[in-house]
1. In whole Å, what is the distance between the alpha-carbon centres of the stretch 8-62 and the stretch 92-143?
2. Taking the stretch 86-203, how many lysine pairs are there with alpha carbons less than 25 Å apart, if each pair must be eight or more places apart or span two chains?
3. If you average 1/r over all unlike Cα pairs in the stretch 1-147 and invert the result, what Kirkwood radius do you get in angstrom?
4. If you count, for each residue, the other Cβ atoms within 10 Å and average over each peptide, how do 123-132, 50-59 line up from highest to lowest?
5. Leaving out same-chain residues fewer than 8 places away, which aspartates and glutamates sit with a Cα under 18 Å from that of K213?
6. Could you tell me the largest-minus-smallest coordinate of the C-alpha atoms of the stretch 1-64 on each of the three principal axes, in descending order and whole angstroms?
7. Normalise the Cα radius of gyration of the chain by 2.2 N^0.38 Å (N = residues in it) and let me know the number.
8. Find out how many positive minus negative residues lie around A15, taking Lys and Arg as positive, Asp and Glu as negative, among other residues whose Cβ is under 10 Å from that of A15.
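Please treat every number below as a calculation from the coordinates, not as lab data. Not measured: the values here are computed from a predicted model. Positions of Cβ are generated from backbone atoms using ideal geometry, with glycine treated the same way; all protein chains shown enter the neighbour counts.
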Amino acid sequence: MNRFHHKVCLVTGAASGIGNATAVAFAAEGAKLILADVNEAAGKGIEQQILEMGNEVIFVTCNIARKEDVENLINTAIQTFGSLDCAVNCAGIAGKHSALLHEYPEEDWMHMMQVNLFGTYFCLKAEITQMLNNGGGSIVNVASAAGLVAQPGNSPYATSKFGVVGLTRTAAKEYATHNIRINAICPTAIETPMIMDGRRKLAYDSEALEAAKNFQAMKRMGQPEEVADVILWLCSEQSSFITGHAMPVDGGAFA
């Protein structure tokens with residue numbers, strides 16, 4: 001398929017995991033790409049990979065928790081390509097440790113909110129502003145299954161992702177008549193560096209990893225490419241009557 005030929009697509013968190021897989025999938029379907037991440041070295045690596053695929057692409061170092069970084073990202077996208085058709089807000093962080101709410105360090109709580117919730121808000125605001133000028137577009141926010149059900153021991157992460165889902169649904173209602181579709185995806189256990197590193201930090205062992213797999217009806221972890229397929233579908237005209245959804249990508253966990 002070539003659903004994104006000549007389309008300008010933005011992906012944050014593009015240096016690894018779901019963001020990386022999404023960027024490569026967009027490139028395979030002909031997109032012009034703006035990639036963003038805090039990890040400059042890894043971001044330059046994916047930029048080079050996509051250049052070798054024959055696509056127009058630019059990488060911008062960006063910390064989405066900083067409003068000025070996000071504004072620079074969108075300005076660079078417009079200066080480079082002139083418009084913005086699709087945006088995937090994938091950048092985010094997981095919990096450093098597990099703790100009950102009253103014991104969770106306040107500074108970690110605030111940092112999680114600043115990146116996952118305020119960072120997504122900064123991106124969404126800038127993207128919508130540009131798409132209003134363009135005449136429309138499609139945005140996908142990467143939330144989490146933790147934005148749909150409680151996640152004991154990681155209250156700031158769950159709260160931030162519930163916030164992303166609420167932000168998505170509200171914005172979708174507000175801009176539906178402006179030809180801007182806004183959806184979220186809510187993955188469960190996906191085999192990404194963030195998930196695997198997070199489990200190591202939380203001292204999860206192989207038994208816990210098996211439990212994560214068994215939570216899903218398919219009895220395995222998902223792959224980033226499987227999530228990217230859903231993201232591209234939501235960005236494409238194939239989902240033209242879908243907006244405001246928080247779509248589980250869950251291997252049957254919520255069936």
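1. Cα centroid of the stretch 8-62 versus Cα centroid of the stretch 92-143: 20 Å apart.
2. Taking the stretch 86-203 as the scope, the lysine pair count is 6.
3. Across the stretch 1-147, the inverse of the average 1/r is 15.6 Å.
4. In descending order of packing, they fall as 123-132, 50-59.
5. Result set, ordered by chain and number: E191, D197, D205, E225, E226, D250.
6. Largest to smallest, the principal-axis extents are 31, 21, 17 Å.
7. Relative to the 2.2 N^0.38 Å estimate, the chain comes out at 0.96.
8. Net charge around A15: -2.
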